[in-house]
Amino acid sequence: MVKVITYGTYDLLHYGHIRLLERAKALGDYLIVGITSDDYDKTRGKINNQQSLMERIAGVEATGLADEIIVEEYEGQKIDDIRRHNVDIFTVGSDWEGKFDYLNEYCKVVYLPRTQGVSSSEIRAEKRKLLIGTISDTALNKKFIKEVGYVNGVEYRDCDETLEGVDAVYIATLPEKHYEDVKNALLRGKHVICESPIAIRREQCEELMALAEEKNLILADAIKTAYSTAYSRLLVVAKSGRIGEIVSVDATCTSLQDGAWEEGADLTNKQNSICAWGPTALLPVFQLLGTGYKKKTIQSRFLDRELLFDGFTKIDFVYPSAVASVKVAKAAKAEGELIVTGTKGYIYVPAPWWKTDYFEVRFENPSENKRYFYQLDGDGIRYEIVAFAKSIERKRRDFYISRETSTAIASVMDDFYRRCFEEI
Ligand code: CTP
């Protein structure tokens with residue numbers, strides 16, 4: 001029996017795909033089709049497929065041409081598959097001509113002429129693009145615009161406060177201004193992705209969430225970490241019971257980047273430590289332990305009391321059967337790691353944990369330790385944009401950051417701005 005294998009994304013299955021599969025099948029007796037997983041696709045820079053892996057598998061299945069469907073998840077898997085399945089022929093379209101010659105060592109490689117005039121990219125392009133503008137006065141703006149370029153179906157458009165000509169807007173102004181800017185955008189009927197915190201008052205955050213809902217608009221927190229694969233997997237592993245019950249979450253985020261720490265620095269128009277880092281550091285706390293803490297204490301050391309500019313803040317939480325602690329600073333330096341302590345083991349994420357592609361699950365017996373690696377491109381911002389675009393298309397707030405988490409983050413800010421802290 002001659003076994004043939006072929007790989008592809010198969011987004012929005014079209015005539016070109018079917019023709020390829022028919023010819024691949026005709027090369028032998030048994031056809032295996034490898035379909036790229038959503039994660040693997042991200043690593044190839046082909047981001048924002050219209051269909052999920054399950055939908056793409058269903059599409060190929062429906063052609064009745066595949067004898068077996070497998071999922072392609074990692075670099076180098078093709079060699080493993082060819083060996084494991086005793087494959088005789090590897091084939092793909094001629095757009096890959098020469099790229100897979102290295103597989104000749106393992107089986108025969110055949111490039112089939114690509115069908116002219118049709119491709120998933122073109123079908124995706126026919127759909128109207130999501131036009132996204134930015135309202136920002138921080139360095140984050142440039143990065144965001146650059147990352148938009150990596151996402152299919154989304155395009156950057158220049159805009160002013162009237163937000164004319166855009167469907168959605170990225171807001172990265174100073175946190176005190178978020179409420180006003182987000183409200184303005186929602187009232188003008190625009191979807192919003194806003195650097196967290198969405199507002200520095202709990203009621204304002206709730207009001208904005210309700211307004212978005214009433215107007216059928218998406219309002220998302222831009223915390224890039226939430227959208228990275230390694231971080232999402234970490235949540236799953238921690239909640240699966242692998243490390244037993246979670247008893248403590250400890251997160252540290254510090255940076256000495258924008259000169260706020262320098263003697264006599266002008267702190268106006270700069271973000272304080274709690275706003276710059278608080279939402280990111282609080283994310284694993286609320287996503288792992290929930291928002292129902294019994295007690296919270298905030299301890300801050302200030303660079304400027306009048307401006308409420310903290311150089312260092314530590315927040316401690318007490319839950320019914322766990323504790324959590326976050327440290328954030330723009331005028332102090334510490335190891336930026338995340339540790340989730342469990343009754344059986346712990347998860348360790350090395351610095352800088354908020355943009356990691358790696359974490360480790362560790363046990364008393366080190367031979368049981370396990371390392372997890374995932375690709376992370378563009379700090380996670382492009383995945384955040386993909387999730388935002390998908391939520392808009394599907395008309396539902398994405399599950400990455402729940403409404404409760406967003407509101408809990410705003411509540412912490414609220415307490416800080418109401419001066420419910422202890423000064424150190
Ligand atoms: N293919 C083909 N003819 C086309 C389109 C695709 O023969 N007109 C082949 C590709 O060469 C590949 C397989 O179908 O072997 C799956 O291709 P995939 O990359 O999933 O589809 P494309 O339409 O090429 O997607 P994109 O436009 O996103 O590159």
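Among residues of the stretch 89-105 that are free of Cβ contacts under 8 Å to residues at least 60 places away in the same chain, those with a beta-carbon under 7 Å from a residue that is within 10 Å of the ligand (Cβ to nearest atom) at least six positions away or on a different chain give the pairs 94/111; 94/112; 94/113; 94/114; 95/114; 96/111; 97/111; 100/92. For the stretch 263-286, the set of residues classified as touching a Lys or Arg at 6+ places or on another chain (Cβ under 9 Å) and in a helix (DSSP H, G or I) consists of 273, 276, 277, 280, 281, listed by residue number.
Residues that are away from the ligand (no atom under 12 Å from the Cβ) and of a type in the set (S, T, N, Q): does the stretch 87-100 have at least one? No, because not a single residue in the stretch 87-100 is away from the ligand (no atom under 12 Å from the Cβ) and of a type in the set (S, T, N, Q).
Residues that are surrounded by fewer than 17 Cβ atoms within 10 Å (Cβ to Cβ) and either among the hydroxyl-bearing types (Ser, Thr, Tyr) or in a loop (DSSP other than H, G, I, E, B) (or both) do not occur anywhere in the stretch 166-187.
There is at least one residue in the stretch 333-355 that is under 16 Å from the mean Cα position of the chain (by Cα), at pLDDT below 95 and closer than 23 Å to residue 276 by Cβ. So is residue 75 of a type in the set (D, E, K, R), surrounded by fewer than 16 Cβ atoms within 10 Å (Cβ to Cβ) and within 13 Å of the ligand (Cβ to nearest atom) or not? When the stated conditions are applied, residue 75 does not pass them. Scanning the stretch 1-30 for residues that are more than 8 Å from the ligand (Cβ to nearest atom), outside any helix (DSSP H, G or I) and within 22 Å of residue 83 (Cα to Cα) yields 1, 2, 3, 4, 5, 27, 28, 29, 30. Looking across the stretch 120-141, the residues that are within 16 Å of the ligand (Cβ to nearest atom) and open to solvent by 40 Å² or more (accessible area, probe 1.4 Å) come down to 121, 122, 123, 125, 126, 127, 129.
Pairing each residue of the stretch 380-406 that is under 15 Å from residue 216 (Cβ atoms) with any residue that is of a type in the set (Asp, Glu), provided the two are 6+ apart or on different chains, yields C-beta distances under 6 Å for 391/398. Residues in the stretch 29-55 that are open to solvent by 40 Å² or more (accessible area, probe 1.4 Å), at pLDDT 80 or above and within 17 Å of residue 119 (Cβ to Cβ): 51 only.
Conditions (1) out of contact with any Ser or Thr (no Cβ under 9 Å at 6 or more places or on another chain); (2) on the phi > 0 side of the Ramachandran plot, marked per residue:
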| site | (1), (2) |
| --- | --- |
| 71 | no, no |
| 86 | yes, yes |
| 105 | yes, no |
| 114 | no, no |
| 122 | yes, no |
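For the stretch 335-357, filtered to residues that are touching a Phe, Trp or Tyr at 6+ places or on another chain (Cβ under 9 Å) and surrounded by fewer than 15 Cβ atoms within 10 Å (Cβ to Cβ), the residue that is farthest from residue 282 (Cα to Cα) is 344.
The values are calculated or read from the model by the stated rules, or taken from the named source; none is laboratory data. All figures in this text were calculated on a predicted structure; none of them were measured in a lab. Ideal geometry is used to build each Cβ from the backbone, glycine not excepted, and the neighbour counts take in all protein chains shown. Ligands, DNA and RNA are stripped out before the accessible areas are found, and what is left, the full protein with its side chains, is counted by its heavy atoms. Shrake-Rupley method; radii C 1.70, N 1.55, O 1.52, S 1.80 Å.
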